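Q: Sharing a structure below in structure tokens format, with a few things to ask.
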Amino acid sequence: MAQIRTVDLTKTFADASGGVTALDSLNLTVQDGEFFALLGPSGCGKTTLLRTLAGLETPTGGAVHIGDADVTRTAPGKRGVAMVFQDYALFPHMTVTENIAYPLRVRGVSKAKQHEAVLAAASELGLTGTETTVGLLDRRPGALSGGQQQRVALARATAANPAVFLFDEPLSNLDARLRLEARTFLKRLQRELATTTVFVTHDQAEALALADRIAVMQSGRIRQLGTPREVYRRPANTFVASFIGSTPMNLLEGTVRDRRVLVADSEIALPEGTAGAVADGTAVVLGARPEYFRVSPDPLPGAFGGTVAVAENLGSSLLLTLDVAGTAVQAVVGEEDEPEPGAMLWALPRQDRTLLYVDGELVG
Amino acid sequence: MARTASPAAAEDPAGLGRARAAGIAAPALLVVLAFLVFPALWTLYLGTTNYRLTGHAARHPRSVGVDNYTTVVKDPAFHHSLWLTFEYVIGSAVLGQALLGFVIAWLLRDAGGRVKRVIEALVLLAWILPSSVVAFLWSALLDRDQGTFNALLHTQGTAWIVEHPMTVIIIFNIWRGTAFSMLLYSAALTGVPPTQLATARMFGANQWQQLRDVVFPHIRGHILTNLLLISLWTFNDFTPYQITGGADSRSQILPVYIYQTALFDGQMGLGAAIALLMLVINLVVALVYLRLLRDRRLERVA
Amino acid sequence: MKISPRSSAPGAVVAKIGRYTFLSVLLGFFALPMLWLASAPFNAHPTLNGSISSFTLHNFSVLLKDPYALPSLWNSLLLAGGTALLTVGFAAAAAYALSRVRVPGRDGILYALLLLSSIVTGTAAMVPLFQLAFKLHLIDSRLGVILVFTGGLLPAAIFILKDFTDNTPKSYEESARVFGASPFQIIRHIVLPMIRPGLATVTVWAVVNVWGNFLIPYILVRNPDKYPASVVLYTFYTEGGQPNLALISAFSLLYSIPVIVLYLFVSHRYGFRFHGGIKR
């Protein structure tokens, strides 16, 4: 059990053009027992951060603390961390048992103790046989399904009995259906073990679903740090706003005038709590999630009025793209509504859920 | 996917460190330096001496400057040998092995069953049997009085090896080395997308048009690599010596000529000078092929 | 469905006949020289043509009594085994180091060595190799022959094995490292087992190369007791100075059997073909 702390952590990679900053003076604390997500697009530095915590990368500057110890210069094997790689890195020439026992084998633990630990970890992860299923312990990784491989990798990490788990895109190698199952399983496992866990993902839904807190990263910096609720409800800047949410947030450029935002030939009420914070004439970006619109075939005051350009069926709902004076505005309506393309609609954003950004930063 | 931009190309995943890496690479590099690089450089020096296998010059070799080289370059025997070597390389490797290897690979590409297995096995056996054995097999085949070949053709009394030594070693080397080209082209042909061939066939392309328009553009790199390797191997091939015995100047390709000069006649300095010229020719051949290969890569980028 | 008008029946038949004629000629060309190897050893009065007049195993019993025949196979085995061992061991270590630790210009150097080896191991360096062996007192020494072979085979062996390690994901090693394995544990537990097919390829290739090579032992070995089979084959002469066909044919067969067995094993187990990489 341990807390993780980074102090001014910096990592640059040399390249032809002089150097790429993968981590830019990061200060970050992950609490003991926390399930922590590093979220961001490709190349944002999240994997570098994870690998630096593991000791696989040596930082250019700053320090890493795990528990009470400064581990910046400590070898990866001596940090008390266990890492699960994106491709699981199960050794193909070893059986499941040998794979799970490997962390103990390199520590010189006796065969009997190894066996005990393997059984414990395997049953925790549901790898031992039951009356109706066959155990997987004697198979080789090549003979396992993707989901089974993932559980073996988790079992191996568990058997190492680490203070910290590090997961690199733990779910990305599973197909869509299995991924949801594995997600639930992973969250339950982390709750039961209560081991500090840091995981990397580029999938915002995964981060929202699993993490206690999320760090959204871009270009080696943390753009927002908060609980899934905070990050989803109040993205601190337009980068986070556009990254979080399965249907992207409408980010519409406009100007403030008289407690309203003039945008796409429409006049929308300022978000709650921002009145007076922004002077008239200021260029702003209005953020409104498609989920929080009231859509009506009849004119609504303070709403976007436009024609339906595209209607995409999302199953339980419908995502409409409205053409509002040449600007695309997206809104979600219930499954019972089925507007025809070309139909005229009015979409009113919920004032308590709209957001205002000036120079890309959240106001209020 | 998100991994692409991250440092997946991280160096040294096992934490070996430079010192230990150098340590475990050292034995191989030392052996290569001592028994490959050094002899190659030593050839340079030897070529400038009058070093002999026996006699006074064996104990006290003397520098003779570039005399050896001028002697060699002016020597008609060397010219003759060089010419024979080119005949040998062009005839047996470039035209023989590469062409036959491709034809076999092409004809058998989707053949199955026994015919393919038997032909492949025979071609491969010819390649992997010890050179001393195959030399005897061919001597037996072509023997003047009792050879199978004469018996088949009813030409008893024809001493093929004596009468047509170059033709014999060229055909012998085609027989001996076609396997490599066959294997390489078989592998290359599996990389030609079947859908492209099917498309060409659908438009009515005949075999030759399919080869020219679909197959060759795809395997051009393989062809060049193949030609480079088999040219170099054939250039340095010593096996003909085991068939002809080496004394007959009508079939003295360079490796045999060097052997005769340096170790049989004992003129080691002179032999080294020829060897060096041979190295240079090899190098030029290699560079030409590599240049062609690189041009092809650039074309791809463009 | 008829796709191409060109594959109409008469043309197709001609093409098929042409194809089979060609394949038959091919078969004859490659099989003919080998007939002698299959027949002469069992012939009581071996001649150079392939027919068997009377079956016998006498030739082999003569061979068993020859003072050089069987020992020479043993010598060949020692040379091939020793070279394979050194080549695989050294090449694996070097290939791993070169694959995983950045050395400036490593690919260029490796390619240059590869080129050099394909040139030098033939004949160009026979004079300095002889001299080198002479100066190091490695004439008539098995170790000398093994080292010369190893030096020639190493560049290609490193090339092949580096291809294997380059294609092995680094996450395996990193994973083991995070679990606390030392670099040498990682090599032993993870890397070597993962590149086993490559090690097998290089072993077979080194053995076949040494087993069949005539020139290097011919130059470096003077003592007949140490001749490998490739050289001994040239020492079987009758008292009249004629090649002793009985011995030569029987010995050729004995000498070839290991290679044939190796071929059958490899082609049965893995299929004898190139996969992707095209390095010899």
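Q: Condition first: β-branched (V, I, T) and either buried (at least 22 other Cβ atoms within 10 Å of the Cβ) or modelled with pLDDT of 60 or more (or both). Now tell me which residues in segment C:38-62 satisfy that.
A: C:T47, C:T56, C:V62
Q: Let me ask another. Looking only at strands (runs of 3 or more DSSP E) that fall completely inside segment A:213-325, which ones have 2 or more residues that are among the β-branched types (V, I, T)?
A: Because the criterion is at least 2 residues that are among the β-branched types (V, I, T), the strands (runs of 3 or more DSSP E) in segment A:213-325 that meet it are A:213-218, A:250-257, A:260-263, A:283-288, A:304-313, A:317-324.
Q: I'd like to check something: does segment B:247-258 contain any residue that is in a helix (DSSP H, G or I), at the interface with another protein chain (Cβ under 10 Å from one of its Cβ atoms) and not aliphatic (A, V, I, L, M)?
A: Yes, there is a match, as at least one residue in segment B:247-258 is in a helix (DSSP H, G or I), at the interface with another protein chain (Cβ under 10 Å from one of its Cβ atoms) and not aliphatic (A, V, I, L, M).
Q: Out of B:T178, B:T225, I need the residue that is modelled with pLDDT of 90 or more, part of a helix (DSSP H, G or I) and of a type in the set (S, T, Y). Which one?
A: B:T178
Rundown of residues vs (1) in contact (Cβ under 8 Å) with a residue 12 or more places away in the chain; (2) at the interface with another protein chain (Cβ under 10 Å from one of its Cβ atoms); (3) over 19 Å from A:T201 (Cα atoms); (4) touching a helix residue (DSSP H, G or I) at 6+ places or on another chain (Cβ under 9 Å), yes/no style:
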| site | (1), (2), (3), (4) |
| --- | --- |
| A:Q3 | yes, no, yes, no |
| A:T6 | yes, no, yes, yes |
| A:L9 | yes, no, yes, yes |
| A:D15 | no, no, yes, no |
| A:N27 | yes, no, yes, no |
| A:G45 | yes, yes, no, no |
| A:L49 | yes, yes, no, no |
| A:P59 | yes, no, yes, yes |
| A:A63 | yes, no, yes, no |
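Q: Follow-up question, since we're still on this one. For C:A157, are the conditions met, namely being at the interface with chain B (Cβ under 9 Å from one of its Cβ atoms), closer than 30 Å to A:V84 by Cα and modelled with pLDDT of 90 or more?
A: Answer is no for this residue.
Q: Follow-up question, since we're still on this one. From the list A:V310, A:V284, A:V263, which one is β-branched (V, I, T) and loosely packed, with under 14 Cβ neighbours inside 10 Å?
A: Going through A:V310, A:V284, A:V263 in turn, just one is β-branched (V, I, T) and loosely packed, with under 14 Cβ neighbours inside 10 Å: A:V310.
Q: Within segment B:15-38, identify whether any single residue is within 18 Å of C:V127 (Cβ to Cβ), surrounded by fewer than 21 Cβ atoms within 10 Å (Cβ to Cβ), without any contact (Cβ under 8 Å) to a residue 24 or more places away in the chain and away from chain C (no Cβ under 13 Å), and answer yes or no.
A: No - not one qualifying residue is present in segment B:15-38.
Q: Does B:T244 qualify as being free of Cβ contacts under 8 Å to residues at least 12 places away in the same chain, farther than 26 Å from B:E120 by Cβ and of a type in the set (S, T, Y)?
A: So B:T244 does not fit the description; no.
Q: Right, another one. Which members of segment A:217-235 meet the condition of being among the charged types (D, E, K, R) and more than 19 Å from A:L251 (Cβ to Cβ)?
A: A:R221, A:R229
Q: Regarding segment A:97-104, can at least one residue be identified that is within 13 Å of another protein chain (Cβ to nearest Cβ), touching a Gly at 6+ places or on another chain (Cβ under 8 Å) and under 30 Å from A:V7 (Cβ atoms)?
A: yes
Q: Scan segment A:95-104 and give yes if some residue there is under 23 Å from the mean Cα position of the chain (by Cα) and in the same structural domain as A:L136 (by TED's automatic domain parsing), otherwise no.
A: The answer is no, given that none of the residues of segment A:95-104 is under 23 Å from the mean Cα position of the chain (by Cα) and in the same structural domain as A:L136 (by TED's automatic domain parsing).
Q: Let me ask something else about it. For C:I146, all conditions in the list (1) at pLDDT below 85; (2) more than 8 Å from every other protein chain (Cβ to nearest Cβ) hold save one; what is the number of the exception?
A: C:I146 satisfies all of (1) at pLDDT below 85; (2) more than 8 Å from every other protein chain (Cβ to nearest Cβ) except (1).
Q: Right, another one. In the list A:N237, A:N313, which residue meets the criterion of being assigned by TED's automatic domain parsing to the domain that holds A:V329 and over 17 Å from A:H202 (Cα atoms)?
A: Just one listed residue meets the conditions, A:N313.
Q: Could you please find all residues in segment B:56-71 being touching a residue at least 40 places away in the same chain (Cβ under 8 Å) and farther than 17 Å from C:F130 by Cα?
A: B:V64, B:N68, B:Y69, B:T71, listed by residue number.
Q: Give just the number: which of (1) farther than 15 Å from A:L345 by Cβ; (2) among the polar types (S, T, N, Q); (3) over 31 Å from the mean Cα position of the chain (by Cα) does A:T307 not satisfy?
A: (1)
Q: Something else about it: Would you confirm whether or not segment C:66-82 contains a residue that is free of Cβ contacts under 8 Å to residues at least 60 places away in the same chain and exposed (fewer than 15 other Cβ atoms within 10 Å of the Cβ)?
A: Scanning segment C:66-82, I find at least one residue that is free of Cβ contacts under 8 Å to residues at least 60 places away in the same chain and exposed (fewer than 15 other Cβ atoms within 10 Å of the Cβ), so the answer is yes.
Q: Something else now. Out of the residues in segment A:11-62 that are within 30 Å of A:E192 (Cα to Cα) and of a type in the set (G, A, S), state the one that is surrounded by the fewest Cβ atoms within 10 Å (Cβ to Cβ).
A: Among those that are within 30 Å of A:E192 (Cα to Cα) and of a type in the set (G, A, S), it is A:G33.
Q: Name the helices (runs of 4 or more DSSP H) wholly within segment B:48-95 that hold at least 2 residues that are loosely packed, with under 13 Cβ neighbours inside 10 Å and in contact with a Phe, Trp or Tyr (Cβ under 8 Å, 6 or more places away or on another chain)?
A: Counting at least 2 such residues, we get no helices (runs of 4 or more DSSP H) at all.
Q: From (1) more than 30 Å from B:Y51 (Cβ to Cβ); (2) within 11 Å of chain B (Cβ to nearest Cβ), pick out the condition that doesn't hold for C:D166.
A: Status for C:D166: all satisfied but (2).
Q: Pick from segment C:88-115 the residues that are closer than 25 Å to B:N282 by Cα and either of a type outside the set (A, V, I, L, M, F, W, C) or loosely packed, with under 14 Cβ neighbours inside 10 Å (or both): which of them is nearest to the chain's Cα centre (by Cα)?
A: C:Y111
Q: If you don't mind, another one. Which numbered condition trips up B:S186, out of (1) at the interface with chain C (Cβ under 7 Å from one of its Cβ atoms); (2) part of a helix (DSSP H, G or I); (3) farther than 21 Å from B:V103 by Cα?
A: (3)
Q: Related question: Name, by its number, the condition in (1) within 10 Å of another protein chain (Cβ to nearest Cβ); (2) hydrophobic (A, V, I, L, M, F, W, C); (3) free of Cβ contacts under 8 Å to residues at least 60 places away in the same chain that does not hold for B:V214.
A: So the condition that B:V214 fails would be (1).
Q: When residues of segment A:72-93 are filtered for being outside any helix (DSSP H, G or I) and within 26 Å of the chain's Cα centre (by Cα), how many remain?
A: Qualifying residue count for the region: 13.
The values are calculated or read from the model by the stated rules, or taken from the named source; none is laboratory data. From a predicted model like this one, the values you see are computed outputs, not experimental measurements. Backbone-built Cβ (ideal geometry, glycine too); neighbour counts: all protein chains shown.
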